[in-house]
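*Asks:* Starting off with a structure, shown below.
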Amino acid sequence: MTWFPYMKKAGMVLFVLLILPAVNVQADDFARLRKDSVRISTISANFVQKKFMKILSKPLVSEGKFYFAAPDSIRWEYSKPLKSVVISDKGRTKRYIASGGKMVEDETGGAQVMKLVLGDVAGWMNGRFDSNPSFTAVLKEGPSTLITLTPVDKRMAGIVEKIEITISRKDASVKSVRIVESATAETRIDFLNAVINKGINPSVFQDVE
């Protein structure tokens, strides 16, 4: 099972912002993140995604590869347990799933949901965590920079409670994303072995193979 079956529910999940009490967030904190992120032109990383639910005895685990090239090209590829790929490049987003031994384009509309999601992810990679006026962002410094996000719209209750994004203070890259949907369900994505500012062949954002 991959993350994508949750996209209709989680499609808005990646747009979320949380207000933490007793934290005074200064605009220059986010300005600094944007400035630091300008230095990142490409990112490639492995990722491990774990879906936790109270009804599960152990989490559902997926693995894959993530690619980003500024300003907004993204490839999100699951390799285990099932293969699927979403590519977003030059304003076009397509999703492919493994079927009959080959990759087949998904024409069910899931790609349009992912277009919104990956647009927000691209914003994160560019350091834009506070640019959406519909949400509020809170930043807390520590060994890593923690940005906690929550929806302003109360109608999001029951869909997602908060998102926690951990940013490396060394290179301003995203280290992990924790999506808390409820008290009994959450998803965590950890990015591993990240390589920054190494050339990525443009075909990565065009071909599924």
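Please treat every number below as a calculation from the coordinates, not as lab data. Please read these numbers as outputs of a predicted model, since none were measured by experiment. Cβ atoms come from the backbone with ideal geometry, glycine included; neighbour counts cover every protein chain shown.
*Asks:* Which order, highest average first, do 76-89, 181-194 follow once you tally other Cβ atoms within 10 Å for each residue and take the mean per peptide?
*Replies:* Going by the mean number of other Cβ atoms within 10 Å, highest first, we get 76-89, 181-194.
*Asks:* Relative contact order of segment 159-209, please, whole-number percent, based on alpha carbon pairs below 8 angstrom and at least 6 residues apart.
*Replies:* After rounding, I find 26 percent.
*Asks:* Related question: Could you line up Ser176, Ser144 from fewest to most neighbouring Cβ atoms inside 10 Å?
*Replies:* Ser144, Ser176
*Asks:* Would you mind calculating the gained length between Asn46 and Val104 on full extension (0.36 nm times residue separation, minus the Cα-Cα distance), in nm to one decimal?
*Replies:* Roughly 18.6 nm would be gained on extension.
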